[in-house]
Each structure stands twice: as C-alpha cells, then as structure tokens.
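*Asks:* Quick one: the structure is below, and I'll ask about it shortly.
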Amino acid sequence: MRILVTGGAGFIGSHVVEQFIVSGHYPIVLDDFSTGKDYNIPKGVPIYRRNIADDLSDIFFHERIDVVCHLAAATNVRKSVNDPLNDIYNNVHGMVNLLEYARKYNISRFVFSSTGGALYGNTDQLPTTLDHSTKPISPYGIDKLAGEQYLYYYNTVYGMPVTILRYSNVYGPRQDRKGEGGVVAVFIKNLLEGVTPVINGSGEQTRDFIYVEDIARVNVLAGEQNGNTLNTYNVSTGKECSVNKLFQVIAQKLDVSVHVHNGEALLGEILRSCLDNSVTQKELNWKPEVTLEDGINKTLIYFKEEYSKLTNIV
C-alpha cells in the first residue's frame with residue numbers, strides 16, 4: 001500500500017514511517033517541519049514540505065495514495081491553553097482539509113492519531129475503557145474530540161473507512177527534548193545537563209507511558225484493516241505510573257541523586273490517566289511489547305548519544 005504519513009518527520013511519525021517500510025508498504029511523508037527533522041526520515045522516502053491546510057491535490061493525484069495515516073498536529077497541551085485558536089487551525093481546520101482530499105481521491109482507510117487522557121479528561125474509571133464519556137479539559141483534547149466527530153461524519157455520510165487510535169503518553173527516541181508534551185525526554189535532558197528538574201504539582205499525577213515502537217506497530221495494523229468500518233481503539237499499556245516514580249526510575253538508571261523542585265499544577269492537565277487496551281488486543285491482535293524499564297533504557301541510549309554529539313561539537 002501507498003501510505004501518506006502526515007507529520008512523518010516528527011517523533012512518532014518517523015517511527016511509523018519506518019514500521020511501514022519494514023512491513024512492506026510504501027510511505028510518503030507530508031510535514032511542514034515546524035518540529036519535524038529531515039534526518040528522522042529514512043532515505044528514499046518521498047517528502048512534501050507543506051502544512052495539512054495547504055493545497056494537497058498534486059500529492060493525492062501523483063502519489064496514488066491508498067491510506068492516510070494522520071499524525072500531524074499541534075500537540076502541546078500547555079500551548080493549547082494559551083493559544084486555542086492556533087490549535088483549532090492546525091488540529092481541526094487542517095484535518096478537515098486533509099479529509100476532503102481523502103474523500104475526493106477515495107482512499108481505502110483514514111487512520112487518525114487521537115489522544116486518550118486529554119480526551120477522556122479526569123475520569124472515575126481506571127483503566128478507562130472506550131465507552132467512557134469524553135470530557136476534555138484542554139483545547140488540545142477538544143480538538144481531538146472534534147476530529148473524531150468529523151471522522152464519524154465522513155464515515156457515515158461518505159462511507160470512508162476510519163480507524164481512530166487513542167494514545168496514552170508516548171515516549172522514546174527522537175522525542176522533542178524542549179518539552180513538547182514529553183516529560184520523559186525533559187527529565188533525561190535535565191539530568192544529562194545537570195539542570196534541576198521541575199515537577200509541576202505534587203508529582204503524584206499519573207500517566208500511562210507507552211513506548212513509541214509499540215505505537216508504530218499499531219498504526220501499521222490499523223492501516224491494513226479492511227472493510228467500510230469506523231473502529232476506535234485505546235493504545236496503551238494499561239499501567240499507571242506517577243510522575244514522581246518515573247523520575248526516580250530515570251534518575252536511578254543515570255545514577256544521579258538530585259532534589260527536584262515542585263512548581264504549580266498546570267491548567268488543562270488531568271490528574272490521573274490509564275487506558276484499557278483490551279479491545280485493541282482482541283481486534284488488532286496487538287499488545288504492548290516494551291516494558292517501561294526497557295523503554296527507558298532504549299530512550300536513554302539514544303539521548304546519551306545525542307548529548308555526546310552535542311558536547312563534542314561545543
């Protein structure tokens with residue numbers, strides 16, 4: 001299959017591109033490179049440097065797209081709180097533009113990278129199941145919910161096959177160390193550089209941390225689904241971990257001892273998040289394969305190498 005991967009030069013998207021290649025498919029990258037990097041993309045993969053809100057007719061026509069795997073988005077919850085209009089432009093307006101091209105060119109499936117924690121909001125059910133109500137408390141979560149509703153519309157009215165993937169908190173190599181929604185990368189960067197980390201709130205807020213390669217595998221399985229269906233899945237480990245515990249694991253592996261500072265709790269961030277993935281395991285024959293400990297080890301190796309290159313250049 002010929003797969004258009006939006007955001008394919010970014011953290012998660014580049015891993016998805018690699019996994020499509022491994023699985024025998026032909027990915028094409030669409031990315032505006034606001035955060036994506038050229039060196040993330042394997043050699044030989046076609047690259048289109050555009051925003052998803054741009055004219056995309058030539059891409060769909062010349063590349064004969066079979067599947068759209070949509071990962072491009074403004075992903076920073078904190079920035080969405082401060083600038084919700086920018087989030088609407090990138091995450092809603094741009095997505096509808098992409099959907100219109102997907103409809104006109106009759107693609108075989110649209111795979112959407114949604115969110116779990118930010119979509120469900122603060123829940124009274126952990127792990128949170130797919131049938132739980134959605135009550136986002138950030139513009140980012142609202143945008144993702146709007147995206148899912150548009151997908152319901154395109155599936156119901158036009159018959160577009162759709163798969164929605166609601167991620168828990170993704171981490172791993174290539175994650176933006178500047179704080180783009182990636183507490184794992186932020187902690188590692190701080191500790192490697194000798195900077196005292198700041199934990200917002202008490203640190204007892206929890207997340208369900210999933211390694212990026214597990215996310216890449218589920219995208220391929222979603223893209224390979226057949227039938228005129230709309231399927232929604234939680235993509236997670238189903239295990240809760242506090243931010244304090246996460247920091248302790250990383251600090252121990254780096255063999256450092258530091259006292260963190262606690263800042264104020266941030267607006268728009270939920271207290272606890274953990275997603276039930278039982279439907280995903282059953283219907284996609286998928287399960288998370290990388291434990292938190294192994295994933296942190298792999299991520300540390302990557303960032304140590306990157307830090308070594310940086311310090312050698314300096």
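The values are calculated or read from the model by the stated rules, or taken from the named source; none is laboratory data. Small disclaimer: the values here were computed from a predicted structure and weren't measured. Because the Cβ atoms are built from the backbone with ideal geometry, glycine has one as well, and the counts that use them run over all protein chains shown.
*Asks:* Going through region 65-112 one residue at a time, which ones are acidic (Asp, Glu) and under 19 Å from Met160 (Cβ atoms)?
*Replies:* Filtering region 65-112 down to residues acidic (Asp, Glu) leaves 66, 83, 87, 100.
Residues satisfying the conditions are Asp66, Glu100.
*Asks:* Give the residues of region 17-76 that are touching a Pro at 6+ places or on another chain (Cβ under 8 Å), charged (D, E, K, R) and under 24 Å from Ser114 (Cβ atoms), sorted by residue number.
*Replies:* Hit for region 17-76 is Glu18, nothing else.
*Asks:* Do we have any residue at all in region 258-276 that's free of Cβ contacts under 8 Å to residues at least 12 places away in the same chain and of a type outside the set (A, V, I, L, M, F, W, C)? Spell out the reasoning first.
*Replies:* Here is the first cut: in region 258-276, the residues free of Cβ contacts under 8 Å to residues at least 12 places away in the same chain are none.
So far as region 258-276 goes, no, none of its residues is free of Cβ contacts under 8 Å to residues at least 12 places away in the same chain and of a type outside the set (A, V, I, L, M, F, W, C).
*Asks:* Would it be correct to say that Asn262 is over 29 Å from Lys287 (Cβ atoms), assigned to a strand (DSSP E or B) and not hydrophobic (A, V, I, L, M, F, W, C)? If you could, list the steps in order and put the result at the bottom.
*Replies:* On the way: over 29 Å from Lys287 (Cβ atoms): yes; assigned to a strand (DSSP E or B): yes; not hydrophobic (A, V, I, L, M, F, W, C): yes.
Spelling it out, Asn262 is indeed over 29 Å from Lys287 (Cβ atoms), assigned to a strand (DSSP E or B) and not hydrophobic (A, V, I, L, M, F, W, C).
*Asks:* Okay, moving on. Filtering region 264-289 down to residues that are under 20 Å from the mean Cα position of the chain (by Cα), within 24 Å of Asn190 (Cα to Cα) and of a type in the set (A, V, I, L, M, F, W, C), which residue is modelled with the highest pLDDT?
*Replies:* Leu271
*Asks:* Additional query: Hey, among the residues in region 226-277 that are among the charged types (D, E, K, R) and in contact with a Lys or Arg (Cβ under 9 Å, 6 or more places away or on another chain), which one's nearest to Val157 (Cα to Cα)? Give the derivation first.
*Replies:* The initial filter retains those residues of region 226-277 that are among the charged types (D, E, K, R), namely 239-240, 245, 253, 255, 264, 269, 272, 276.
Subsequent filtering for residues that are in contact with a Lys or Arg (Cβ under 9 Å, 6 or more places away or on another chain) retains 240, 269, 272.
On the way: Glu240: 38, Glu269: 34, Arg272: 36 Å.
This residue is Glu269.
*Asks:* Then there's this: Given the conditions (1) closer than 19 Å to Tyr307 by Cβ; (2) in contact with a Lys or Arg (Cβ under 9 Å, 6 or more places away or on another chain), report the number of the one that Asp176 does not fulfil.
*Replies:* Just one mismatch for Asp176, condition (2).
*Asks:* Among the numbered criteria (1) within 21 Å of Gly10 (Cα to Cα); (2) part of a loop (DSSP other than H, G, I, E, B); (3) modelled with pLDDT of 95 or more, which single criterion is violated by Thr237?
*Replies:* Looking at each condition in turn, Thr237 falls short on (1).
*Asks:* All but one of (1) surrounded by fewer than 19 Cβ atoms within 10 Å (Cβ to Cβ); (2) out of contact with any Cys (no Cβ under 6 Å at 6 or more places or on another chain); (3) modelled with pLDDT of 95 or more hold for Val212; state the number of the condition that does not hold.
*Replies:* (1)
*Asks:* Name every residue in region 267-309 that is within 30 Å of Asp255 (Cβ to Cβ), of a type in the set (A, V, I, L, M, F, W, C) and surrounded by 12 or more Cβ atoms within 10 Å (Cβ to Cβ), in order of residue number.
*Replies:* If the condition is that a residue be within 30 Å of Asp255 (Cβ to Cβ), of a type in the set (A, V, I, L, M, F, W, C) and surrounded by 12 or more Cβ atoms within 10 Å (Cβ to Cβ), then Cys274, Val290, Leu292, Ile296, Leu300, Phe303 are the ones that fit.
*Asks:* Scan region 204-223 and give yes if some residue there is over 19 Å from Asp276 (Cβ atoms) and hydroxyl-bearing (Ser, Thr, Tyr), otherwise no.
*Replies:* no
*Asks:* Can you pull out every residue in region 42-96 that is of a type in the set (S, T, N, Q), in a helix (DSSP H, G or I) and buried (at least 16 other Cβ atoms within 10 Å of the Cβ)? Even if it seems obvious, please write down each step before you answer.
*Replies:* As a first pass, look at region 42-96 and keep what is of a type in the set (S, T, N, Q): 51, 57, 75-76, 80, 82, 86, 90-91.
Among the residues that remain, those that are also in a helix (DSSP H, G or I) are: 57, 80, 82, 86, 90-91.
Scanning region 42-96 gives Ser80, Asn90, Asn91.
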